[in-house]
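Since every read-out is calculated from the coordinates, none of them should be taken as a lab result. On a predicted model such as this, the values are computed, not experimentally measured, just so you know. Note: ideal-geometry Cβ built from the backbone for every residue, glycine included; neighbour counts use all protein chains shown.
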Amino acid sequence: MDDQPLLLAALSEAYLLAGRLEEAGDRAGRALDLARARKERGNQAHALRLLGDITAHGDPPQVEPAEDYYHQALTLADDLGMRPLLAHCHYGLGTLYLKADRLEPARLELTAAIALYRAMDMTFWMPQAEAALAQVQ
């Protein structure tokens, strides 16, 4: 089996980083559809997290759809033991809630992300998550 869902997700992330949200959403949607058709739950979780990130980066952010994508990704990631993805989903939700001025949920999600990043020694992500949490307090 080829890695097409993974490659589409990587391309989607590159488009997201470049601010090309329409292309990012298209590639992430294709990755999700393909992963679902192949019953690749891990790739589904990654694509769902990306769709959460993409909808959260809109101007204005699409809070409800992003929240739904993140929660779907969290459920799959938890079922599959994908702890780094869990941390990224909590971080994404936390920053989404921060943008939506929902401070208590933001605090809870960012605290969860930081705890997971710390437990896994994912030091690259710690300063970003801590800076977001500092905006809540």
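Data overview
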read-out: With Cα atoms, 0 to 90° folded angle of helix 21-37 axis to the chain main axis; value: 60
read-out: Local electrostatic count at Ala28 - Lys and Arg +1, Asp and Glu -1, tallied over other residues with Cβ under 15 Å; value: -3
read-out: Residue among Gln4, Pro60, Gln44 farthest towards the positive dipole end of the stretch 1-81, charges placed on Cβ; value: Gln4
read-out: Residues Arg49, Arg102, Arg118, sorted so that the one with the fewest Cβ neighbours within 10 Å comes first; value: Arg118, Arg102, Arg49
read-out: In degrees, nearest ten, helix 103-119 long axis to first principal axis of the chain (Cα); value: 70
read-out: Per-residue ³J(HN,Hα) for the stretch 44-52, Karplus 6.51 cos²θ - 1.76 cosθ + 1.60, θ = phi - 60°, Hz, x for Gly and Pro; value: 4, 4, 5, 5, 5, 4, 4, 4, x
read-out: Percentage relative contact order, the chain, counting C-alpha pairs under 8 Å, at least six apart; value: 16
read-out: Neighbour-limited loop hits for chymotrypsin sites (Phe, Trp or Tyr not before Pro), the stretch 29-137 (at most 13 other Cβ within 10 Å; DSSP other than H, G, I, E, B); value: Phe124
read-out: Kirkwood Rh and Cα Rg combined as Rg over Rh, evaluated for the stretch 83-137; value: 0.94
